[in-house]
Structure formats: C-alpha cells, structure tokens
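K.L.:
Take this structure, written in structure tokens, and hold onto it; I'll ask about it next.
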Amino acid sequence: MRLRSLMFAATTTATALFTLTACGGSDTEQKDDRGTARKGASTVSVRLSDSEYGRILVDQTGRTLYAFTKDKAGVSNCGTACIAVWPALTTRSDPKPGEGTEKLLLAETELTKGVTQVMYNKWPLYYYVGDAVAGDVNGQGVDDEWFVVTADGKLVKKSAG
C-alpha cells in the first residue's frame, strides 16, 4: 500500500511539473518533464493529423488533444486531480488554427488569471500524460469520458479500426 502511495505521489509531482511547463508564458522553447519541446505561447496551434481514429486534433508538435464529456458549454469540469492526468492545452495569446481546422470553431476559456485553455467547438482541450510521443492516442475512451476530436469538433466515440 505504501509503495502505491509513493508511486502516486511521484506521478502527481511529475504531472504537475508537466502542467506548469505546458502553461508557461515565455516565447522561448521549453521542455516538459519528459524532455518534449514546447514552444512558448505565441506558437500554440491546433491542426489535424492522421490517426487510427481518422483525422483528429493535435497541437503544433503533433501531440493528441482530447475532450472530456463532463465539460459543458465551454466550461472545464476537470478539477485538480483530473488536470494532473489530463493537462489542459493552455496559451497566453490567441491560439492559431492549423491545417484542416476551422478558425470559427477555435476559441479560449479562462483557466486561471492570464492563462486561457484552448477550446474547439466549445470543447476545452487536454493532453493525456499516458501519451509519450506525438501520435500516441492512449487516452482514447478512458473511463468512457475522454475522446479524440475531429475537424468538425465532434468526439470520436469508437475503437480503433
């Protein structure tokens, strides 16, 4: 039991560091706790990429983006424990629409003072800490609440295939 508690604490700490790095407001390149390059706020964009679920939303580095079915009308319902596993896609400036996305579907909602979470078709967007590299879709269908998002802003609620 103690080992499980220690592992949870280590995971939570690493995730918090990832979340803080992803929320960074600098215009310089940063690295998250896995060493993944993250550009500063001026380069946050959402684009489409091919996956086993069809063409889905990813960030500017190709990391898969997810929506949470408990979010309603552009309001995040992902609390502190949730955000530790599902870090928000945040920005300190306007997000840019990338290849295949609709500018009119891209928006923001305030997460904390001065930091906004990127939304697509009123779905706040998140990463999954279980995705190690660009193209991973390990968060798809987790708890039957987390799903990848298509170009029209709909959730893909199906298995790979």
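The values are calculated or read from the model by the stated rules, or taken from the named source; none is laboratory data. None of the values given here were measured: they were computed from a predicted structure. A quick note on method: Cβ atoms are made from the backbone with ideal geometry, for glycine too, and the neighbour counts reach across all protein chains shown. Ligands, DNA and RNA are stripped out before the accessible areas are found, and what is left, the full protein with its side chains, is counted by its heavy atoms. Shrake-Rupley method; radii C 1.70, N 1.55, O 1.52, S 1.80 Å.
K.L.:
Among the residues of segment 108-125, how many are in contact (Cβ under 8 Å) with a residue 24 or more places away in the chain and either among the hydrophobic types (A, V, I, L, M, F, W, C) or outside any strand (DSSP E or B) (or both)?
P.N.:
Qualifying residue count, segment 108-125: 9.
K.L.:
Also, I was wondering about something else. Mind counting the residues in segment 94-107 that are open to solvent by less than 40 Å² (accessible area, probe 1.4 Å) and part of a loop (DSSP other than H, G, I, E, B)?
P.N.:
3
K.L.:
If ALA84 passes every condition in (1) buried (at least 19 other Cβ atoms within 10 Å of the Cβ); (2) under 12 Å from TYR66 (Cβ atoms); (3) of a type outside the set (Ser, Thr, Tyr) but one, which one does it miss?
P.N.:
The single condition ALA84 does not satisfy is (2).
K.L.:
Here is a follow-up. Tell me yes or no: at least one residue of segment 7-20 is surrounded by 12 or more Cβ atoms within 10 Å (Cβ to Cβ), of a type in the set (Phe, Trp, Tyr) and at pLDDT 90 or above.
P.N.:
No: zero hits.
K.L.:
Show the residue pairs meeting these rules: Cβ distance below 6 Å; 6+ apart or different chains; first residue within segment 60-82 and more than 19 Å from VAL156 (Cα to Cα); second residue surrounded by 11 or more Cβ atoms within 10 Å (Cβ to Cβ) and hydroxyl-bearing (Ser, Thr, Tyr).
P.N.:
From segment 60-82, the pairs are GLN60/THR43; GLN60/SER45.
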